[in-house]
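Step one of this worksheet: look at the structure below.
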Amino acid sequence: MEFLVGGLAVVVLYLFSSLRIIRQYERAVSFFLGRYWGTKGPGLVFIPAVFAHAKRISLRIMALDITPQDVITRDNVSVKVNAVLYMRVVDPGRAVIEIEDYLYATSQLAQTTLRSVLGEVELDELLADREKINGILKRIIDERSDAWGIEVSAVEVKDVDLPETMKRAMARQAEAERERRAKVINAQGELQASETLAQAARMLSTEPNAFQLRYLQTVAEIAAENNSTTIFPIPVELFRPFLQSVAGSPSAIPRQVSTPGAPAPPEPSKALAPSAEESGMPAQELKELMARLRIEAARTAQGHDE
């Protein structure tokens with residue numbers, strides 16, 4: 001009787017010791033007498049304590065830091081690049097049976113793939129088009145680790161460490177590019193300003209009164225400032241009507257000044273007296289014009305004698 005009670009107690013203790021609690025994010029890959037017995041979990045599972053054993057595998061997404069790699073790009077630039085890999089186990093059985101250490105193997109695969117992929121791209125593409133490179137890395141690593149029951153969700157290039165000489169060269173290139181853009185913008189502004197000024201000049205030339213209005217506007221702007229000295233710009237266009245009227249008046253005829261010993265100038269009546277047919281003027285107007293010329297010539301002679 002005591003033997004039965006002792007044996008029952010041993011059996012109960014063995015059963016309790018064979019129970020395992022597997023968390024929701026875990027799976028237990030069990031082996032019975034060395035053979036694959038299945039993947040158990042989550043919850044309370046029975047795994048014989050003596051004849052079987054199990055290995056817990058997490059199904060959560062893990063982030064693996066890829067150590068910095070010295071890479072020579074396609075355009076022969078030496079850079080140091082590091083990245084991060086996001087992965088998770090989708091088949092715990094294959095992750096245990098097919099590979100000894102799936103974390104180490106995936107990390108090494110990511111390092112070699114990073115060096116090989118970045119060696120085929122140029123530096124400008126590496127700096128400007130990281131999304132494309134991340135996609136290539138993810139596709140290659142995911143295809144090669146699929147046999148291990150691993151799913152790669154993302155690969156991100158974190159940092160690209162450039163040599164100091166390359167940083168200075170890129171800084172000079174960026175500065176030269178900014179100067180080029182500034183010169184182009186300045187030239188375009190000058191071109192647009194010249195076109196606008198030419199258009200304004202053409203519009204002002206069609207309206208003579210526009211010059212006077214512009215002059216008055218300029219005077220108003222100058223008067224707005226309390227200056228002790230005020231300069232009034234006078235456009236030449238304001239004097240054009242006066243110059244034309246003076247040029248057409250009889251007093252605009254040039255006068256000759258006699259010097260001692262010089263022959264006397266010819267009389268205006270003889271020098272400037274054309275015939276009525278030559279001048280095309282009526283006889284009465286021609287006589288009046290000749291009379292005015294004689295009076296002017298007399299005054300000039302009198303002033304010279306005095």
Please give the length that would be gained between residue 75 and residue 193 if that part of the chain were fully extended, namely 0.36 nm times their separation in residues minus their C-alpha to C-alpha distance (nm, one decimal).
38.1 nm
For the range 62-166, go through all pairs of different Cα atoms, get the mean of 1/r, take its inverse, and jot down that Kirkwood value in Å.
14.1 Å
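Given an 8 Å cut-off on Cα distances and at least 6 residues of separation, report the relative contact order of the range 110-173 as a percent.
Relative CO of the range 110-173 lands at 29 percent.
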Pseudo-spin-label distance residue 62 to residue 136, built 7 Å along Cα→Cβ, given in nm, is 2.8 nm
Taking the Cα atoms of the range 13-57 alone, what are Rg (to one decimal) and Dmax (as a whole number) in Å?
9.8, 28
Distance between modelled label sites at residue 52 and residue 35, nm, 7 Å Cα→Cβ extension:
1.3 nm
Subtract the Cα-Cα distance of residue 10 and residue 183 from 0.36 nm times their separation in residues, and report this length gain in nm to one decimal.
53.0 nm
May I ask you to derive the FRET efficiency for residue 146 and residue 169 from their Cβ-Cβ distance with R0 = 35 Å, giving the value to the nearest 0.05?
0.25
Taking placed amide H atoms and a strict 5 Å upper bound, the residues 5 or more places from residue 83 or on another chain that come that close are 66, 158
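None of the figures in this text is laboratory data; all of them are computed from the coordinates on show. This structure is a prediction, so every number in the text was calculated from the model and none was measured. No Cβ is skipped: glycine too gets one built from the backbone with ideal geometry, and neighbour counts run over all protein chains shown.
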